[in-house]
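A.B. asks: Once you've had a glance at the structure underneath, I'll fire off some questions.
The values are calculated or read from the model by the stated rules, or taken from the named source; none is laboratory data. In this text the structure is predicted, and so the values were computed from the model without any measurement. Using ideal geometry, Cβ is built from the backbone for each residue, glycine included, and neighbour counts are taken over all protein chains shown. To get the accessible areas, we keep the full protein, side chains included, count just its heavy atoms, and leave off ligands, DNA and RNA. Shrake-Rupley method; radii C 1.70, N 1.55, O 1.52, S 1.80 Å.
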Amino acid sequence: MDFDFSEEQMQLRQAVRKLLGHHGDVQAARRVLECGGDYDAQLWRAMSGMGLPGAAIAADHGGSGLGYLELCVIAEELGRSLAPVPMLSSIYLAAEIIKLAGSSTQKMAWLPALAAGTKIGTVAFAGASGAAMHFDGRVLRGAYFPVADGAIADFAIVFARSADCNRPRPFLVDLQGAGVRRARIETIDPTRPHARLELDGAAAEPLAQGNDDSLACLLDRVAVMLAFEQIGGAERALTMARDYALERVAFGRKIGSFQAVKHLLADMFVSVALARGNAFYAAWALDRDAADLPCAAAGAHVSASKAFRHCASNNIQVHGGTGFTWEFDCHLFYRRAQLLALALGQPAYWEARLLRHLPNRTAPSVAAV
Amino acid sequence: MNFDDTPEEAAFRKQARQWLDANAPWPLEAALREGGLSSPGLTDAFAAAKAWQKKKAEAGWACLNWPREYGGRGSTPMERVIWSQEEGPFAALSWLFTIGHGMCGPTMIAYASEQQKRRYLPALASGEEIWCQLFSEPAAGSDLAGLRTRAQRHGDDWIVNGQKVWTSGAHLSQFGIILVRTDPSVPKHQGLTMFFLDMRSPGIVIKPIRQANGRSEFNEVFLSDVRIPDAQRLGAPGQGWQVSLTTLMNERLSIGSGMATGFEPLIDYCCSARGPHGALIDDPALRSRLADWAIRSLGLKYTAMRAISALSRGATPGPENSIGKLVAGSMQQEIASFVLDLQGESGIVTDPAQAPADGRFQAMLLRAPATRVEGGTDEILRNIIAERVLGLPADIRVDKDVPFNALDSPA
């Protein structure tokens with residue numbers, strides 16, 4: 001059994017961490033926050049230069065052809081430094097749905113640019129209102145928000161219903177074209193911009209292999225990558241809290257010597273350890289395209305969401321008043337934890353999916369999720 | 001990242017499986033899978049345990065990681081894990097020997113004389129003799145080093161007086177290892193010494209403890225002028241604390257078996273019991289809590305796999321493996337309480353013949369408080385994680401450097 005990342009994958013981790021450190025680590029997110037920017041274009045170019053966005057894109061399609069485990073390693077490092085880059089929108093979501101449902105022409109048309117970081121894609125799959133997006137055979141009409149990087153993306157894959165299909169299927173839309181209106185919206189984490197996307201007669205083409213299961217299938221895969229980002233963030237929040245507890249003195253002692261604080265930190269460690277176990281299994285399931293992927297992916301995302309939220313909030317608690325200042329980075333992790341917990345829809349969806357696909361269920365279920 | 005055995009591991013697994021296919025007590029399998037040792041299908045758990053252990057020992061499948069000359073197999077830690085995976089439900093039959101094999105044996109291997117090892121270990125491995133561990137005392141639980149049972153030297157013997165408590169299987173045991181205070185004039189950790197003793201020695205009185213759940217798994221052991229030959233000392237006088245750490249480290253090394261969390265019975269119950277939305281597992285009102293336990297239970301399982309994977313690479317499992325019992329203990333309690341709530345008025349019925357789900361959740365609820373205490377309380381485990389994994393300062397210990405007999409309330 002080798003239930004861990006390989007030597008090469010650990011070297012990749014070090015290389016990514018070094019690159020992120022070179023670009024200011026968490027300061028990169030801070031710059032986007034203070035300047036109201038969209039993302040760190042310099043960092044994104046440097047990452048692209050290393051072939052990171054294309055890690056899980058085949059060499060035939062312009063990627064580096066490494067694999068999903070490598071992408072998970074990268075995701076964890078991005079989460080650890082809160083990297084302000086369009087990875088979720090352009091790679092986890094857009095590249096993945098094109099890989100899953102695109103024709104070979106569509107793959108050749110878009111994947112090389114995504115891998116190279118020269119084009120940014122996104123996926124719009126749900127309205128906050130559950131609002132409809134409709135395809136009439138030629139154009140799309142409807143509105144979705146929030147759409148990750150919706151204001152800067154060059155194109156989007158929009159899940160829409162049509163007359164002959166009332167479950168959403170993926171359609172490709174050029175966001176530079178006519179009939180597209182988009183506006184940036186304020187969100188809980190300004191270091192990851194989102195937009196409202198309104199399509200009013202925007203020309204669209206279906207992804208050739210798209211079907212009724214494409215969305216659920218896509219979200220399972222993204223959930224695994226996201227879980228690693230969340231674990232990176234959670235572990236960083238735990239480290240920040242631990243370091244502060246070893247530095248801050250109160251009542252004549254380091255606060256990390258008080259059991260109330262020690263036990264808080266121990267519980268943070270436990271939540272990260274459990275999330276990591278779940279995420280490792282999901283990474284394996286994704287890499288092997290195992291039948292167990294729906295359960296594994298849902299478990300990884302639910303577990304990582306809890307761990308990141310738990311660690312990010314207790315990190316502020318350990319920092320006390322200091323942790324509630326704008327200048328300290330604690331709130332950046334707190335904000336990102338909320339964003340990532342909701343980025344793929346309601347936790348209830350994932351909880352239901354996890355239970356629906358539990359391997360030790362004995363009775364047939366009525367509710368299909 | 002893969003779950004495949006190395007070629008050596010695969011060969012070992014095949015060998016283990018072949019032997020089990022031909023030799024395991026298959027007629028007991030269904031009963032053991034159903035309810036473990038408390039299964040009504042298992043009429044004489046003691047005899048079944050003794051017979052299975054003897055059979056394993058004769059074929060070289062007992063205490064795998066012990067040297068061959070002491071009744072073991074000289075296996076690697078990974079082979080031991082593979083064996084326990086393959087032994088499956090039959091591992092429950094090892095209950096009688098858990099303490100002896102997991103803690104007493106390794107301590108004897110480390111500290112007993114060659115002659116003693118050859119005399120005692122094979123009989124311990126084969127289950128012919130049962131061993132217990134006399135550590136905890138009424139006034140020394142989490143603070144084990146504060147124990148008060150005294151041993152004083154008389155010629156070639158030591159005379160022991162005091163009381164031990166929470167001793168599993170004392171009434172079934174022929175031998176035990178015991179930690180006692182031999183020097184009260186030095187700070188508490190420095191005045192302890194470890195021995196092994198014959199549990200039939202004059203002066204030993206064993207009384208079962210009636211537990212809060214009405215059962216009796218543990219004993220009180222009273223020692224009055226019990227003589228232990230100096231030759232049965234394990235380690236130097238005053239070295240008992242270090243010797244006990246060897247014992248306790250071995251407890252932590254027994255990974256891969258996996259603590260029961262209560263999650264599997266919970267899912268079985270929620271798949272079969274019905275509510276307004278069909279099976280309870282599909283009830284949206286319960287979803288969030290069920291999912292929370294699912295990720296903790298699965299998370300533990302995969303964490304254990306990561307530890308096994310580290311073993312396979314030759315690494316030693318560290319204190320991070322303390323999380324197993326910490327997570328499982330409170331889960332059992334939460335899950336049992338949750339199911340009782342679902343059962344409503346009938347949740348108070350404990351008679352297995354009439355209670356829902358044979359009363360297993362009532363039994364679980366009544367047993368769960370012990371899981372959160374035995375073998376390290378939740379609080380001690382959090383301290384271990386905080387101090388040895390996260391590197392936070394140790395608790396302030398006001399009694400650490402004070403001679404034991406100068407403390408406020410010594411024996």
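A.B. asks: Is it the case, given these coordinates, that B:R313 is within 13 Å of chain A (Cβ to nearest Cβ), open to solvent by 20 Å² or more (accessible area, probe 1.4 Å), among the basic types (K, R) and within 30 Å of A:A241 (Cα to Cα)?
C.D. replies: Details: within 13 Å of chain A (Cβ to nearest Cβ): yes; open to solvent by 20 Å² or more (accessible area, probe 1.4 Å): yes; among the basic types (K, R): yes; within 30 Å of A:A241 (Cα to Cα): no.
Against the criterion (within 13 Å of chain A (Cβ to nearest Cβ), open to solvent by 20 Å² or more (accessible area, probe 1.4 Å), among the basic types (K, R) and within 30 Å of A:A241 (Cα to Cα)), B:R313 does not qualify.
A.B. asks: Might you check whether a residue that is more than 29 Å from A:E96 (Cα to Cα), open to solvent by 20 Å² or more (accessible area, probe 1.4 Å) and either touching a Phe, Trp or Tyr at 6+ places or on another chain (Cβ under 8 Å) or assigned to a helix (DSSP H, G or I) (or both) occurs anywhere in region A:228-241?
C.D. replies: So far as region A:228-241 goes, yes, one or more of its residues are more than 29 Å from A:E96 (Cα to Cα), open to solvent by 20 Å² or more (accessible area, probe 1.4 Å) and either touching a Phe, Trp or Tyr at 6+ places or on another chain (Cβ under 8 Å) or assigned to a helix (DSSP H, G or I) (or both).
A.B. asks: In addition: Are any residues in region B:278-303 more than 8 Å from chain A (Cβ to nearest Cβ) and either in contact (Cβ under 8 Å) with a residue 40 or more places away in the chain or not acidic (D, E) (or both), and if so, which ones?
C.D. replies: Start the filter on region B:278-303 by keeping residues that are more than 8 Å from chain A (Cβ to nearest Cβ), which leaves B:280, B:283, B:285-286, B:289, B:293, B:297.
Matches in region B:278-303: B:L280, B:A285, B:L286, B:R289, B:W293, B:S297.
A.B. asks: Could you please find all residues in region B:24-49 being over 20 Å from the mean Cα position of the chain (by Cα), at pLDDT below 80 and part of a helix (DSSP H, G or I)?
C.D. replies: B:E34
A.B. asks: Sort out which residues of region B:212-232 are farther than 30 Å from B:V398 by Cα and either part of a strand (DSSP E or B) or touching a strand residue (DSSP E or B) at 6+ places or on another chain (Cβ under 7 Å) (or both), and write them in order of number. Spell out the reasoning first.
C.D. replies: Step one: of region B:212-232, the residues farther than 30 Å from B:V398 by Cα are B:212-219, B:224-232.
Hits for region B:212-232 are B:S216, B:E217, B:F218, B:N219, B:S224, B:D225, B:V226, B:R227, B:I228, B:P229, B:D230, B:Q232.
A.B. asks: Follow-up question, since we're still on this one. Here are the criteria: (1) within 14 Å of another protein chain (Cβ to nearest Cβ); (2) at positive phi; (3) of a type in the set (D, E). Tell me which single one B:D358 does not satisfy.
C.D. replies: (1)
A.B. asks: Of the residues that sit in region A:318-347 and are of a type in the set (A, V, I, L, M, F, W, C) and more than 27 Å from A:V123 (Cα to Cα), which one is most open to solvent (accessible area, probe 1.4 Å)? Please lay out each step first, then the result.
C.D. replies: Initially, region A:318-347 is screened for residues of a type in the set (A, V, I, L, M, F, W, C), giving A:318, A:324, A:326, A:328, A:330, A:332-333, A:337, A:339-344.
Add one more test, that the residue is more than 27 Å from A:V123 (Cα to Cα), and what stays is A:318, A:324, A:326, A:328, A:330.
Working: A:V318: 13, A:F324: 177, A:W326: 110, A:F328: 82, A:C330: 0 Å².
Only one residue fits best here, namely A:F324.
A.B. asks: Identify, please: which residue in region B:386-411 is closer than 14 Å to A:K254 by Cα and either among the acidic types (D, E) or not in a loop (DSSP other than H, G, I, E, B) (or both) and is, among those, modelled with the lowest pLDDT?
C.D. replies: That would be B:D395.
A.B. asks: Just to verify a result, which residue in region B:96-126, among those that are open to solvent by 40 Å² or more (accessible area, probe 1.4 Å), under 14 Å from B:F196 (Cβ atoms) and assigned to a helix (DSSP H, G or I), is modelled with the lowest pLDDT? Show your work before the answer.
C.D. replies: Restricting attention to region B:96-126, the residues satisfying the condition of being open to solvent by 40 Å² or more (accessible area, probe 1.4 Å) are B:98-99, B:109-111, B:113-115, B:118-119, B:122.
Filter again for under 14 Å from B:F196 (Cβ atoms), leaving B:99, B:109-111, B:113, B:115, B:119.
Checking which are assigned to a helix (DSSP H, G or I) leaves us with B:99, B:109-111, B:115, B:119.
Details: B:I99: 91, B:I109: 94, B:A110: 94, B:Y111: 96, B:Q115: 97, B:R119: 97.
Ranking the candidates gives B:I99 first.
A.B. asks: So, one more: Scan region B:70-84 and give yes if some residue there is surrounded by fewer than 16 Cβ atoms within 10 Å (Cβ to Cβ) and either assigned to a helix (DSSP H, G or I) or within 15 Å of the chain's Cα centre (by Cα) (or both), otherwise no.
C.D. replies: Filtering region B:70-84 down to residues surrounded by fewer than 16 Cβ atoms within 10 Å (Cβ to Cβ) leaves B:74.
From the residues that got through so far, the ones that are either assigned to a helix (DSSP H, G or I) or within 15 Å of the chain's Cα centre (by Cα) (or both) too are none.
For region B:70-84, residues surrounded by fewer than 16 Cβ atoms within 10 Å (Cβ to Cβ) and either assigned to a helix (DSSP H, G or I) or within 15 Å of the chain's Cα centre (by Cα) (or both): absent.
A.B. asks: So which residues in region B:183-200 are within 18 Å of B:Q133 (Cα to Cα) and surrounded by 13 or more Cβ atoms within 10 Å (Cβ to Cβ), if there are any at all?
C.D. replies: We begin by selecting, within region B:183-200, every residue within 18 Å of B:Q133 (Cα to Cα); these are B:192-200.
B:L192, B:T193, B:M194, B:F195, B:F196, B:L197, B:D198, B:M199 - these are the residues of region B:183-200 that are within 18 Å of B:Q133 (Cα to Cα) and surrounded by 13 or more Cβ atoms within 10 Å (Cβ to Cβ).
A.B. asks: Which residue pairs have Cβ atoms closer than 7 Å, lie 6 or more positions apart in sequence or on different chains, and pair a first residue in region B:378-400 that is more than 7 Å from chain A (Cβ to nearest Cβ) with a second residue that is in a loop (DSSP other than H, G, I, E, B) and open to solvent by 50 Å² or more (accessible area, probe 1.4 Å)?
C.D. replies: Final answer for the pair search is B:D378/B:R372; B:I380/B:S142; B:E387/B:A394.
A.B. asks: From the list B:A16, B:A31, B:A45, B:A57, pick out the single residue that is farther than 30 Å from A:E70 by Cα, among the aliphatic types (A, V, I, L, M) and without any contact (Cβ under 8 Å) to a residue 12 or more places away in the chain.
C.D. replies: Values: B:A16 fails: without any contact (Cβ under 8 Å) to a residue 12 or more places away in the chain; B:A45 fails: without any contact (Cβ under 8 Å) to a residue 12 or more places away in the chain; B:A57 fails: without any contact (Cβ under 8 Å) to a residue 12 or more places away in the chain.
After ruling out the rest, the residue left standing is B:A31.
A.B. asks: Here's another thing I want to ask about it. Mind checking which pairs have a first residue in region A:1-18 that is more than 11 Å from chain B (Cβ to nearest Cβ) and a second that is assigned to a helix (DSSP H, G or I) and among the acidic types (D, E), Cβ under 8 Å, 6 or more apart or different chains?
C.D. replies: Matching pairs, first to second residue: A:L12/A:E70; A:R13/A:E76; A:R13/A:E77; A:V16/A:E77; A:R17/A:E77.
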